[in-house]
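One structure is given below, encoded as structure tokens.
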């Protein structure tokens, strides 16, 4: 499988890049498209569709094809994968029936491929990503390869979109199902944020809706321990500050903690929604803002993936949490460069609101402040 990555900050730039990339020996069939809401994603998708290219698309908080992060652009990975090896789905979940919807997609994929693997994008900040994953696991089993992320909206935290040819949704999931007997897909999710303070107890929660910690509204206790000021709906930077610097870490008996920052606040009771479930009675700790070693941990995790599971790759897709670039700033380029250099093949990625993947030695879960790196190789 050949791959090429292109980028642009306008429809015309992307049109030129696409024209230059399509050659006699390269006719792409699939595009993984990460596009800022500031661009006309519908027009870009139509342009790709006119070339016979199926589209998996997410709006973003930033995009990249190499080590330099961009804003207000499109980053697109073009693949000439055999059309018999994949299918693209987009379905909505207006009743918050995330598990049922993903279960139905996985069931359709299972009819086509005996051993399906999945790329997933979700929209709507209230989406419980772990329920999406559970629906896929119900059909494909606990060992299924599934990776992805939650769409962004240039840090507005208001309305995100997933899209494909002739269809988009601000409350649904887009999914590529691949034939794992024909395409190797392996990935790893790595974080590196360090915990601080004593364990606290989640005293009221429902799924990914966290109400109280130690019987205190979760927003209030986060503001207290994080020293946050101006905790009001009018503070447009509040959610960014919470997500980037003071997320909850869900403690587990086995495996590393999982990051669970608040993504959407309910101002009626100062509760918030996270990207994945936080069971009532579970233990959490707060986080320290990151230091330099979080980047080294990500690159080492990817190097280990190459050494142990994926010695060669045709293309790389990266879902990196928007909170990472907010915290790391210009240093983010060093992490992306380190990831790119592991295989030195075409890469495209986005800064997401959450990440789907399997941490080393862990289960398939929804993550935050994490980099999920996925390698693809056609057999």
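The values are calculated or read from the model by the stated rules, or taken from the named source; none is laboratory data. Computed from a predicted structure; not experimentally measured. In this analysis, Cβ positions are derived from the backbone assuming ideal geometry, glycine residues included, and neighbour counts consider all displayed protein chains.
Going by what's in this entry, would residue 79 be described as over 30 Å from residue 369 (Cβ atoms) and at pLDDT 95 or above? Steps first, answer last, please.
Working: over 30 Å from residue 369 (Cβ atoms): no; at pLDDT 95 or above: yes.
When the stated conditions are applied, residue 79 does not pass them.
Residues checked against (1) touching a helix residue (DSSP H, G or I) at 6+ places or on another chain (Cβ under 7 Å); (2) within 29 Å of residue 335 (Cβ to Cβ); (3) not assigned by TED's automatic domain parsing to the domain that holds residue 55:
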position	(1), (2), (3)
159	no, yes, no
167	no, no, no
171	no, no, no
174	no, yes, no
181	no, no, no
185	no, yes, no
214	yes, no, yes
218	no, no, yes
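For region 334-351, give me the residue count where each residue is closer than 18 Å to residue 73 by Cβ and touching a helix residue (DSSP H, G or I) at 6+ places or on another chain (Cβ under 7 Å).
2
Name the one entry in 31, 43, 114, 50 that is crowded, with 24+ Cβ neighbours inside 10 Å, assigned by TED's automatic domain parsing to the domain that holds residue 324 and either modelled with pLDDT of 95 or more or over 30 Å from residue 206 (Cβ atoms) (or both).
Values: 43 fails: crowded, with 24+ Cβ neighbours inside 10 Å; 114 fails: crowded, with 24+ Cβ neighbours inside 10 Å; 50 fails: crowded, with 24+ Cβ neighbours inside 10 Å.
Going through 31, 43, 114, 50 in turn, the sole match is 31.
Look at region 301-333 and say how many of its residues are assigned to a helix (DSSP H, G or I) and in contact with a helix residue (DSSP H, G or I) (Cβ under 9 Å, 6 or more places away or on another chain). Don't jump to the end; show me each part of the working.
Taking region 301-333 and keeping what is assigned to a helix (DSSP H, G or I), we get 301-308, 322-333.
Checking which are in contact with a helix residue (DSSP H, G or I) (Cβ under 9 Å, 6 or more places away or on another chain) leaves us with 302-303, 305-306, 322-328, 331-332.
Matching residues across region 301-333 total 13.
Results for (1) surrounded by 13 or more Cβ atoms within 10 Å (Cβ to Cβ); (2) under 19 Å from residue 352 (Cα atoms), shown as yes or no for each residue.
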site: 243; (1), (2): yes, yes
site: 246; (1), (2): yes, yes
site: 279; (1), (2): no, no
site: 285; (1), (2): yes, no
site: 293; (1), (2): no, no
site: 303; (1), (2): yes, no
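Quick one: would you say residue 101 is in the same structural domain as residue 71 (by TED's automatic domain parsing), more than 22 Å from residue 38 (Cβ to Cβ) and at pLDDT 95 or above? Lay out the reasoning, then the answer.
Values: in the same structural domain as residue 71 (by TED's automatic domain parsing): yes; more than 22 Å from residue 38 (Cβ to Cβ): yes; at pLDDT 95 or above: yes.
Criteria met by residue 101.
Checking the structure you have, find out if any residue of region 94-117 is part of a strand (DSSP E or B) and more than 30 Å from residue 23 (Cβ to Cβ). Don't jump to the end; show me each part of the working.
Start the filter on region 94-117 by keeping residues that are part of a strand (DSSP E or B), which leaves 116-117.
Those still in the list that are more than 30 Å from residue 23 (Cβ to Cβ) too: 116.
Checking region 94-117: at least one residue is part of a strand (DSSP E or B) and more than 30 Å from residue 23 (Cβ to Cβ).
Yes or no: region 196-206 includes at least one residue that is outside the structural domain of residue 145 (by TED's automatic domain parsing), modelled with pLDDT under 90 and touching a helix residue (DSSP H, G or I) at 6+ places or on another chain (Cβ under 6 Å).
Checked region 196-206: no residue is outside the structural domain of residue 145 (by TED's automatic domain parsing), modelled with pLDDT under 90 and touching a helix residue (DSSP H, G or I) at 6+ places or on another chain (Cβ under 6 Å).
For region 53-66, give me each residue that is part of a strand (DSSP E or B) and either crowded, with 24+ Cβ neighbours inside 10 Å or without any contact (Cβ under 8 Å) to a residue 40 or more places away in the chain (or both). Working first, answer last.
At the first step, the residues of region 53-66 found to be part of a strand (DSSP E or B) are 54-59, 63-64.
Of everything in region 53-66, those that are part of a strand (DSSP E or B) and either crowded, with 24+ Cβ neighbours inside 10 Å or without any contact (Cβ under 8 Å) to a residue 40 or more places away in the chain (or both) turn out to be 55, 56, 57, 58, 59, 63, 64.
Scan region 199-243 residue by residue and report those that are within 30 Å of residue 134 (Cβ to Cβ) and assigned to a loop (DSSP other than H, G, I, E, B). Working first, answer last.
Residues of region 199-243 that are within 30 Å of residue 134 (Cβ to Cβ), as a first pass: 199-219, 221-222, 239-240, 242-243.
Result: 207, 208, 214, 215.
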